[in-house]
1. Taking 35 Å as R0, compute the FRET efficiency from the Cβ-Cβ separation of ASN355 and TYR561 and round it to 0.05.
2. Hey, what did the chain get for relative contact order, percent, Cα under 8 Å, at least 6 apart?
3. Run through the DSSP bridge list for the chain and note the antiparallel percent, rounded to the nearest 5.
4. Any idea how far apart TYR172 and ASP112 come out in nm if each label point goes 7 Å out from Cα toward Cβ?
5. Binning every alpha carbon pair distance of the chain at 10 Å from zero, what are the percents per bin?
6. Quote to one decimal, in nm, the extra length available between LYS78 and ASN267 on full extension: 0.36 nm per residue of separation minus the C-alpha distance between them.
7. Return the FRET efficiency for the residue pair ASP215, VAL294: r is the Cβ-Cβ distance, R0 is 60 Å, and the value is rounded to the nearest 0.05.
8. Is there a pair in LYS419/LYS564; LYS356/LYS555; LYS198/LYS254; LYS54/LYS249; LYS31/LYS95; LYS54/LYS116 whose C-alpha atoms are over 31 Å apart, and which pairs would that be?
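The values are calculated or read from the model by the stated rules, or taken from the named source; none is laboratory data. Quantities reported herein were computed from a predicted structural model and do not represent experimental measurements. Counting neighbours? That spans all protein chains shown, and the Cβs are built from the backbone with ideal geometry, glycine included. For the accessible areas, the whole protein counts, side chains as well, though only heavy atoms, and no ligand, DNA or RNA atoms are used. Shrake-Rupley method; radii C 1.70, N 1.55, O 1.52, S 1.80 Å.
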Amino acid sequence: VVAVLAPLLLLSVLFFPRLQSMVLHQTILDKQEQIAAATPLVEDTIEQILSTNKKIRSEIYYRNLFSAFEETTAIAIKDPEAAEEFAGHLKDLVKTESVKNIRIYVGLPESDHFFKSVDCDEIFKSTDQVQGSYWHGIFYGTDYTQLFCPSFYLSINEIDNLGTLAYITRMYFFYQGKRIPCFLAQYYSSDIFTRILKDGFTRDGSVAYVITDRDAIVTSTDPYLSGIYHFDYSDIYNYLFSSKSYLEKEILGKKVYTSFSVIQKPNWFLVVSTPEGIITRKTEISIMEILLIVAVFYIISLVLAFQLSSSITGRISSVIQTMGRIREGSMVPMEEPEVHDEIGDLISTYNYMTNKQQELTETLQTTADELRIAEVNALQAQINPHFLYNTLDTIQWMATSGMADQVPETVQALSRFYKLTLGKDLTNTTIEKEIEHATLYIKLQNIRFNNAIECIIDIPDEISQLPIPRLTLQPIVENAILHGIREKESREGCIVITGWQEDLDVYLLVSDDGIGISPDILPNVLSEEGSNPESRGANIAIYNVHHRLQLLYGKDYGLSYESKEGEGTEVTIHIRADKV
């Protein structure tokens, strides 16, 4: 260990400065890539701010009010309806754009008649309210026509009530023979820029900030660090013409490396400053990773050597580890031994036991599947006699009520009905045939009830051939007729069957305009309590359909009921297109 690790430690010490230089260049490169990704986002945000300003300045009332002709301005001031409409448009911008508030500050005292004339005190304000703000002083001391304002440019009232950032443009209008300065202020939250920086830059001790041409910080990922590792705008600007890809400066006795990019329109800089300590820490981590990798491979070498010299012990350990997996519920056979000694016999015995266990597991699974299929078939068989009884009762009623001439048609329909029921596949059919099955049932009931049941079917072609368990629709339609429509005073009604598919889930909806289901009964329709033959025999088939679907597809599938007493009932059938 000493012979191997000692040279490695010496090599790490000698290699450290070169590795630190490599880490520095890689870190600078990473920061430059992050800057390149974040800069367009900042520029897009600024473009949105400028676009909002253009929208405001394109408003007819704005152009009339700030016209170069006093007559046009006077007409606009005397048109309060246009002013109110203009104010409404600005409020709409606040709702749809990222702007938080919009104000137009007019260089008139608050008592001036102008503010009563425009009658829009939420938009038009006197410059008296911002007299002490930094931005107001900048405009009055310079010939600026526009200004992006960071937080400290604004007054306390603006920050508390309007926004922490602002874009302000200066304009004029003639009023009572005087040229009055005005300011259009769009207020924003500094979060629109802060989110871009925090999402775009890794939190490794570096700080990213945006600086204006007046050396003001617009936003920062860490206000404290941006104050410590601050680079002047002029220093960064001079480095634009330097061949170096980054700026280096000593702050508080430590080197700080800075990368930057130009944000074109407002002529800002996006700056990322990284202290030397981060580079050193990354270098140390890299050295530790190298040493760790070497240590891991060294340990692996020792283990391999030990295994080669201890084959017997290794084979025993392998058997113990494999057999230990039984506690986790996993029995995996081992490779058959090449040498049939005591350990080889032990492995052979373990493999025999594992194979027997797998055979027993497969037998149990097969038995469970057969039991599940048997339960499904039993439930289906329970439904069939229920329907046959009702149908034969209908035929008997026809034969004894002077309608013998319709008996052949009814028997033919019944024959087709059972031909669909007793197909080759006793469990499954298609949605198309299940619809035909239900339609035949409605036809048989209409023969008995003098066409009192109207049926509307709207099933998309793309789902008509999907599989569905047999006797799914008919019991629901039967309940809709006998316990919904036929309970109405008119004893007439309509049944609508629709369907749709969402990914692999298929839905069929059966609606009727019958008497509905009482709220006291509705929660128990699909329960075993609601299917008790002594109390609610009508629900036996419905419960069986629901239970059968859940056996086939799972607990999230089956039937669901919605009903309003006196209005009707909707039954939703939920199955899967890829499973029967």
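1. Numbers: r = 50 Å, r/R0 = 1.43.
It comes out at approximately 0.10.
2. Working: 784 pairs, mean separation 48.1, N = 580.
Computed value for the chain: 8 percent relative contact order.
3. 90
4. 1.4
5. Binned Cα distances yield the sequence 3, 11, 13, 8, 7, 11, 16, 16, 10, 4, 1, 0.
6. Values: separation 189, 0.36 × 189 = 68.04 nm, distance 4.02 nm.
Difference between extended and current length: 64.0 nm.
7. On the way: r = 49 Å, r/R0 = 0.82.
Efficiency computed from Cβ-Cβ geometry: 0.75.
8. Numbers: LYS419/LYS564 36 Å; LYS356/LYS555 33 Å; LYS198/LYS254 25 Å; LYS54/LYS249 41 Å; LYS31/LYS95 36 Å; LYS54/LYS116 27 Å.
The pairs that break the limit, which is 31 Å between Cα atoms, are LYS419/LYS564; LYS356/LYS555; LYS54/LYS249; LYS31/LYS95.
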